[in-house]
1. Which ³J(HN,Hα) values in Hz, rounded to whole numbers, follow from the phi angles of the range 22-28 under the Karplus curve 6.51 cos²θ - 1.76 cosθ + 1.60, where θ = phi - 60° and Gly and Pro get x?
2. Pop out the ³J(HN,Hα) list for the range 46-52 in order, Karplus 6.51 cos²θ - 1.76 cosθ + 1.60 with θ = phi - 60°, rounded to Hz; leave Gly and Pro as x.
3. Once the piece of chain linking Thr44 and Met137 is laid out straight, how much longer is it, given 0.36 nm per residue of separation minus the C-alpha distance between them?
4. What residues qualify as long-range amide H neighbours of Asn104, i.e. H under 5 Å apart, gap of 5 or more or another chain, H built at 1.01 Å from N?
5. Quick one: 3J(HN,Hα) in Hz for the range 54-71, Karplus 6.51/-1.76/1.60 with θ = phi - 60°, rounded, Gly and Pro as x.
Amino acid sequence: AGIDGVMASNHVPYAARVVADLLKEMGVEEYEPRVVYQLLEFITTYAHGVLNTAEEYAEHAGRVAEEIVWQDIALAIGKSRGPQVDPLGVFEPVVPSGFPAKPNAQLLKTMAERINAQKLPDLSKKAGLSLPGDEKMLTAQNFDIN
């Protein structure tokens, strides 16, 4: 049985079948069955997080948590029309999907240049495998016996 046969069976949860249908509508023809459940988990976790944040905004606005309005949800997703400033300037403003855009390339380049400007330690001239000092090894003793 192919993916369609597995997803069409009665023991598959309805939500998993909906996700499989979405994948099919998007033109995805081949995927492992566990991808459906991974997407389902992501969707559930994301929606739960957005709703919890929207409830917090509703409470902050003086309403009970169960009385969220669409503005609370939009704010929780990041679609608010207010300024969305990243204090470090690493990310550009949130895109309409609610996810951050690509990092600021110029800032990343500056940070990389600063880190890469640091001199690396000199290599040992002795023969054999070059390992860090004992204090930096995972095999170092990290416990005391009384």
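Bear in mind these aren't lab numbers, they're just calculated from the coordinates by the rules spelled out. Remember, it's a predicted structure, so these values are computed and weren't measured experimentally.
1. Working through the residues one at a time gives 4, 4, 5, 5, 7, x, 7 Hz.
2. 5, 4, 4, x, 5, 5, 4
3. On the way: separation 93, 0.36 × 93 = 33.48 nm, distance 4.06 nm.
Gain in length upon complete extension: 29.4 nm.
4. Those lying under 5 Å, H to H, from Asn104 are Phe91, Glu92.
5. These are the phi-based 3J(HN,Hα) values: 5, 5, 5, 5, 4, 4, 5, 7, x, 9, 6, 4, 6, 9, 6, 10, 5, 5 Hz.
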